[in-house]
Amino acid sequence: MEDIYKAIYKSFEILNFEDNWDDEGAKKISRINFINALIFLLNIIRIVGENSIPLYLTAGPDGSVDLCTTRTKVGFLMNFSEKRTVCYGINYETGDEIKFEIQPGIVKPDYDLIKWIKTNLVI
């Protein structure tokens, strides 16, 4: 597994994407969305443990930023945009699921998300 801090460092590249970075009309990545996603991820790392979570940041639709997992047995996507932050996760083996929406700018994970991450994502 790639070190989480290398993945974070690499994710800064998406801030260099210009409009139409995917040749399909995608918008430039919002710095505010990136910062919110980064702080959220750093808070997860602080609470759960730094190298135990296979998460990374990537470009999402319409200037948003996605927080995703590299695990194949678990699907996890958290999308940070100016309008809202949505999360969906599922453990394909157990069926354990999490789904929620929060207001933009909320950067502290709640207890239920941390519990789900510890149960389903921590390696």
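When the residues of the stretch 7-32 are filtered to those that are open to solvent by less than 90 Å² (accessible area, probe 1.4 Å) and of a type in the set (Ser, Thr, Tyr), the one that is farthest from the chain's Cα centre (by Cα) is Ser30.
Filtering the stretch 39-83 to residues that are among the charged types (D, E, K, R) and at pLDDT 95 or above leaves only Asp66. The residues in the stretch 72-81 that are over 18 Å from Pro109 (Cα atoms) and in contact with a helix residue (DSSP H, G or I) (Cβ under 8 Å, 6 or more places away or on another chain) can be counted, and the count is 1.
Right, Ile35: surrounded by fewer than 18 Cβ atoms within 10 Å (Cβ to Cβ), over 10 Å from the mean Cα position of the chain (by Cα), modelled with pLDDT of 90 or more and closer than 21 Å to Lys6 by Cβ or not? Spelling it out, Ile35 is indeed surrounded by fewer than 18 Cβ atoms within 10 Å (Cβ to Cβ), over 10 Å from the mean Cα position of the chain (by Cα), modelled with pLDDT of 90 or more and closer than 21 Å to Lys6 by Cβ.
For the stretch 38-53, give me the residue count where each residue is β-branched (Val, Ile, Thr), assigned to a helix (DSSP H, G or I) and either farther than 17 Å from Glu82 by Cα or open to solvent by 80 Å² or more (accessible area, probe 1.4 Å) (or both).
Taking the stretch 38-53 first, the residues β-branched (Val, Ile, Thr) are 39, 44-45, 47-48, 53.
When the remaining residues are screened for being assigned to a helix (DSSP H, G or I), the result is 39, 44-45, 47-48.
Now narrow it down to the ones that are either farther than 17 Å from Glu82 by Cα or open to solvent by 80 Å² or more (accessible area, probe 1.4 Å) (or both): 44-45, 47-48.
The number of residues fulfilling the criteria is 4.
The values are calculated or read from the model by the stated rules, or taken from the named source; none is laboratory data. For clarity, every value in this text was computed on a predicted model and none was experimentally measured. Methodologically, a virtual Cβ is constructed for each residue, glycine included, from the backbone with ideal geometry; neighbour enumeration extends over all protein chains shown. Note: accessible area is taken over every heavy atom of the protein model, side chains too, but ligands, DNA and RNA are not part of it. Shrake-Rupley method; radii C 1.70, N 1.55, O 1.52, S 1.80 Å.
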